[in-house]
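Everything on this sheet refers to the single structure shown next.
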Amino acid sequence: MAGPQGPRHRHRPRAAPGTVVLVALATLGVAVLVLPLIALLLATPWQALPALLADPAVLQALRLSLLTATCATLVGLVVGVPLAWLLARDDLPGTWLLRSLVTVPLVLPPVVGGVALLLLLGRRGLLGGTLDAWFGVTVPFTSVAVVLAQVFVSLPFLVLSVEGALRGADRRRALAAQTLGASPGYVLRRVTLPAVAPGVAAGAALCFTRALGEFGATVTFAGNFPGTTRTMPLAVYLAMDSAPEQAVAMSVLLLVLSVAVLVALRGRWVGGLPGAPTARTARAARRAS
Amino acid sequence: MTRRARRLPLVVPVTAALASALLALVGCVPAAPAVPPASEGRRSTDSPGALTGTLVVLAAASLTDVVTDLVGTFEAEHPGLTVQTGFAASSTLAGQVVAGAPADVLITASDATMTTVTDAVGGAPVVVATNRLQLAVPAGNPGGVTSLDALADPDLTVALCAPDVPCGVLAAQVLEQAGVVATPDTLEQDVRAVLTRLTLDEVDVGLVYRTDVIGAGDAVEGLDLPDDARATTDHPALALPGAAHPDAAAAFVALLRGPVGRQAFADAGFGAP
């Protein structure tokens with residue numbers, strides 16, 4: 001006991017001022033994140049809130065947001081889980097490149113994603129021109145465009161969460177199933193996915209929340225029309241110019257929805273991100289030591 | 001334990017770096033504010049005769065080019081004066097001014113927006129220019145648009161301004177008067193966004209200001225609305241009461257109203273007040 005405590009004790013006088021500064025800076029960091037939300041809650045007209053939110057225009061935007069974000073999450077699950085499974089395999093060449101590509105939307109300004117989608121699927125876009133000429137289909141200004149914009153920005157959250165969970169999973173069972181003759185698809189469906197279900201759920205919830213908050217790509221690519229493309233964030237932005245109280249009310253609703261998802265996940269989401277140890281790997285590490 | 005002990009001294013340089021970065025950041029804040037500051041200008045007093053200091057001019061986004069030109073002229077006439085401009089949606093600027101944002105001159109895209117400001121802070125605005133809505137189509141008119149009725153054609157892709165912003169209010173007024181029930185595919189946040197949809201050829205037709213069509217060059221073609229369509233809007237300018245530089249603010253509004261201003265507005269496609 002004396003051994004390990006000795007050096008720490010010697011360093012304590014030098015460490016203390018630094019620690020104080022670090023804590024102060026960290027507090028400042030928390031303030032930057034939390035104070036704006038407190039300001040929002042203080043400015044909220046709580047009495048009028050039900051009336052403000054019961055406005056048909058708000059309900060319409062809310063319904064569209066929930067619907068498109070759900071679709072984006074389903075699309076994300078269908079293509080994102082297999083993508084995560086590919087990334088989690090170390091025996092494939094070039095997964096590092098694939099992972100970089102998957103990460104791009106995380107660091108890209110969403111409005112740039114919207115411009116890129118427009119250049120791909122707009123009426124004069126790379127694919128959009130053909131779609132328009134051959135099938136008379138134009139993607140912008142439709143709810144499909146909203147979902148695509150949401151998928152573009154939210155898919156990385158799901159993929160990286162699921163990949164983290166897959167990497168943390170115990171692979172011996174999958175290997176055992178494989179040696180017993182199960183196909184890769186069967187192993188993924190019946191062995192691996194059930195084991196990483198919490199990670200998939202966390203990824204899906206993150207994906208949903210990010211899709212719910214999508215603004216830049218949506219307004220650039222999909223347009224802004226009530227009922228088809230005006231999601232909650234677009235409605236908030238528009239309302240700031242004409243009915244600020246309503247904008248505040250809608251903001252609070254979005255905040256509550258987003259926080260509710262995080263609370264439901266209870267911190268599990270942090271564990272799903274790459275680099276951070278998942279609860280499962282932490283347990284495995286404890287067992288191993 | 002030993003690892004932690006070895007790391008602790010690092011805390012000091014890391015903290016110093018963090019703190020200096022943070023201080024630099026905090027020091028930066030006045031340099032890049034959301035609202036153009038006039039605090040520096042406020043501190044300097046206007047000496048009689050020569051105009052000095054920093055004049056803050058807020059103007060509707062649709063006036064960006066012409067006001068920028070006129071500010072250049074104004075600064076050349078008054079070497080001691082610096083003009084800071086801020087361009088945004090009229091309603092956004094009006095909200096900022098009412099909330100106390102420091103500004104000397106405000107120019108909006110509609111009388112209604114200006115009224116929200118004069119109701120709050122007083123003052124007597126003067127109209128410096130007018131603008132007209134036009135039917136606008138991408139180059140070549142792919143939708144074959146000939147009249148306002150095109151806005152009601154479900155087969156055409158139509159972009160309008162949202163009814164929450166001045167160009168949308170004007171569009172709604174024109175459509176109602178013409179008895180056209182439009183079928184827009186998107187209601188944009190401002191007139192420039194409608195113009196962008198047109199220049200990118202993503203929509204077949206939209207309603208934008210005549211000046212926007214001229215500014216867009218060859219990418220967009222404009223079709224005049226019937227003369228009896230109530231499609232004009234005023235651009236009132238206001239030297240804000242309580243401005244830091246009342247003399248400079250009055251001089252700038254006088255420039256907007258004078259021959260130089262009129263010529264600049266006319267060149268950009270605006271109508272006379």
Between residue A:120 and residue A:171, what FRET efficiency comes out of the Förster formula 1/(1 + (r/R0)^6) with R0 = 25 Å and r the beta carbon distance, rounded to 0.05? 0.10
Semi-axes of chain A from the Cα gyration tensor (sqrt of 5 times each eigenvalue, largest first, whole Å) come to 37, 32, 17
Measuring from its Cα centre, the range A:60-193 shows a charge dipole (+1 at each Lys and Arg Cβ, -1 at each Asp and Glu Cβ) which, in debye to the nearest 20, is 240
To the nearest 20 Debye, how big is the dipole of the range B:163-273 about its Cα centre, given +1 on the beta carbon of each Lys and Arg and -1 on that of each Asp and Glu? 540
Approximate spin-label separation residue A:90-residue B:176, in nm, with each point projected 7 Å along Cα-to-Cβ: 6.9
So how far, in whole Å, is the C-alpha centre of the range B:71-89 from the one of the range A:94-117? 41
Run the simple label-point estimate for residue B:75 and residue B:224 please: 7 Å along Cα→C-beta, distance reported in nm. 3.7
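Taking the range B:163-244, which trypsin sites (Lys or Arg not before Pro) meet the DSSP loop condition and have no more than 16 other C-beta atoms within 10 Å?
Listed in order of number, the matching sites are B:230.
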Report the FRET efficiency, 1/(1 + (r/R0)^6), for residue B:50 and residue A:53, where r is their Cβ-Cβ distance and R0 is 60 Å, rounded to 0.05. 0.60
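Values quoted throughout were computed directly from the atomic coordinates according to the rules given, and no laboratory measurement underlies them. In this text, all values refer to a predicted model and were calculated from it rather than measured experimentally. FYI the Cβ positions are ideal-geometry reconstructions off the backbone, even for glycines, and counts take in every protein chain you see.
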